[in-house]
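Please read the structure below before turning to the comments.
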Amino acid sequence: MKRPKMILAAITAASLIALTARRAAERRSTTTPLHDPTPPVPDKTPEGHYDARRGAAGYAPIVGTLGALAVPAVIVVFTSPPEDPSGGQAIAFAAGLLVVAMIGSIIAAIALAAIGAESELTPNLTPGIMYAAVAVVIALVDIVAAFEILAFLALPHARLLLLLITGAAGFLGVFFTALALGDSLATHPTHSPDYQDWKKTEWITSQGHADRAALRVTAIGVLPVIAGTVCRVRGLRLPDGTAAANTIILTGLALTVTATVASALRTGHPGTVPSRGPRPWEAHATTLITSTYTAFVLLLLP
């Protein structure tokens, strides 16, 4: 009698254990999250990386300050005409440069602030920053060049120093524009069916490549501004005149507006298509444009 009871108890205990295990498995299957179709981004390094969004948001008020500095300079130029009648053309040139600098710094600050408001660090932000940097560099160069013109009228002995500072501003502008390439590897698309296949279509595929690209773009981009600075130190310059001054002012304004619009368009999101990172022609165009513009400004300064 005892043996059947023991067998019945064993069968009952086994049934309870099987039922408990089954219910636990069902609960795990219902609570397990679904597989995320977006592949993980490989090559995550333990070191930190530069967040272009935070950088752009931090640069925006600094760039906007350039426009604030240009306003009192314009007022000084308008309210303090030179005693020498021949200086009127130089003053008009300086006023035009300051106005371009004011416009460029304001719209560039807006473009950088828009990049800082992005929710994801996508690859299209790097070329967007490089386009916005064109307006920033032109504004900086124009402000320094305008002060060089004022020094030509009031402090002739400081003219050469401000010429060199103008060239240095263009040189540093090229460097900081190209520097965005070195941090571009930290970006990744939010919509990519295969990260490795997408990476093969990109210009920059490794951190070493990114660093070399930044140095190479800088080395090529600074050539025009170095050539313009050397020519001015040697006393070579282009023939001045109202037409030449108006041409460089309108060119600076056109480049500023075009670069800002290109920055806004480049940071647009293509929907479900993976974002495109910087292309070689974009990197060289943004640096060579600012460098060449600086060189022509140097050659036209009095």
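The values are calculated or read from the model by the stated rules, or taken from the named source; none is laboratory data. Remember, predicted model here, so these are calculated numbers, not experimental data. All Cβ positions, even for glycine, are placed from backbone atoms using ideal geometry, and neighbour counts span all protein chains on display.
Each residue in segment 284-302 was checked for being out of contact with any Pro (no Cβ under 8 Å at 6 or more places or on another chain), buried (at least 19 other Cβ atoms within 10 Å of the Cβ) and among the aliphatic types (A, V, I, L, M), and 6 of them qualify. Only one of the listed residues (ALA210, ALA259) is touching a residue at least 24 places away in the same chain (Cβ under 8 Å) and either farther than 24 Å from ALA169 by Cβ or in a loop (DSSP other than H, G, I, E, B) (or both). That residue is ALA210. Out of curiosity, is SER86 more than 11 Å from the chain's Cα centre (by Cα) and at pLDDT below 85? Yes; evaluated as a whole, the condition is true for this residue. Taking each residue of segment 52-80 that is surrounded by 12 or more Cβ atoms within 10 Å (Cβ to Cβ) and looking for partners that are not in a helix (DSSP H, G or I) and not hydroxyl-bearing (Ser, Thr, Tyr) with beta-carbon atoms closer than 7 Å, six or more apart or interchain, yields ALA52/LEU121; ALA52/ASP183; ARG53/GLU118; ARG53/LEU121. Report, by residue number, each residue of segment 268-283 that is part of a loop (DSSP other than H, G, I, E, B) and surrounded by fewer than 22 Cβ atoms within 10 Å (Cβ to Cβ). Answer for segment 268-283, where residues must be part of a loop (DSSP other than H, G, I, E, B) and surrounded by fewer than 22 Cβ atoms within 10 Å (Cβ to Cβ): GLY268, HIS269, PRO270, GLY271, THR272, VAL273, ARG276, ARG279.
Looking at (1) touching a residue at least 40 places away in the same chain (Cβ under 8 Å); (2) farther than 17 Å from ALA94 by Cβ, which is the only condition TRP281 fails? Going through (1) touching a residue at least 40 places away in the same chain (Cβ under 8 Å); (2) farther than 17 Å from ALA94 by Cβ one by one, TRP281 breaks only (1).
Checking the conditions here, which among ARG232, ARG216 is crowded, with 18+ Cβ neighbours inside 10 Å and either part of a helix (DSSP H, G or I) or touching a residue at least 60 places away in the same chain (Cβ under 8 Å) (or both)? When all the criteria are applied, what remains is ARG232.
No other residue among ALA146, ALA90 is closer than 21 Å to ALA243 by Cα, in contact with a Pro (Cβ under 6 Å, 6 or more places away or on another chain) and touching a residue at least 60 places away in the same chain (Cβ under 8 Å) apart from ALA90. Does ALA139 satisfy the condition of being within 24 Å of GLY167 (Cα to Cα), over 14 Å from the mean Cα position of the chain (by Cα) and modelled with pLDDT under 90? No; evaluated as a whole, the condition is false for this residue. Against the list (1) assigned to a helix (DSSP H, G or I); (2) at pLDDT below 90, the condition SER119 fails is (1). Here is the figure for segment 152-178: residues that are crowded, with 19+ Cβ neighbours inside 10 Å and under 26 Å from SER119 (Cβ atoms) total 1.
When the test is whether a residue is more than 20 Å from the chain's Cα centre (by Cα), at negative phi and β-branched (Val, Ile, Thr), ILE110 does not pass it.
Of the residues making up segment 182-189, at least one is more than 30 Å from VAL230 (Cβ to Cβ), touching a Pro at 6+ places or on another chain (Cβ under 6 Å) and in a loop (DSSP other than H, G, I, E, B).
Looking at segment 179-209, which of its residues are in contact with a Leu (Cβ under 8 Å, 6 or more places away or on another chain), within 20 Å of GLY55 (Cα to Cα) and small (Gly, Ala, Ser)? Answer for segment 179-209, where residues must be in contact with a Leu (Cβ under 8 Å, 6 or more places away or on another chain), within 20 Å of GLY55 (Cα to Cα) and small (Gly, Ala, Ser): just ALA186.
Considering each residue of segment 129-140 in turn, at least one proves to be closer than 30 Å to ALA264 by Cβ and not aliphatic (A, V, I, L, M).
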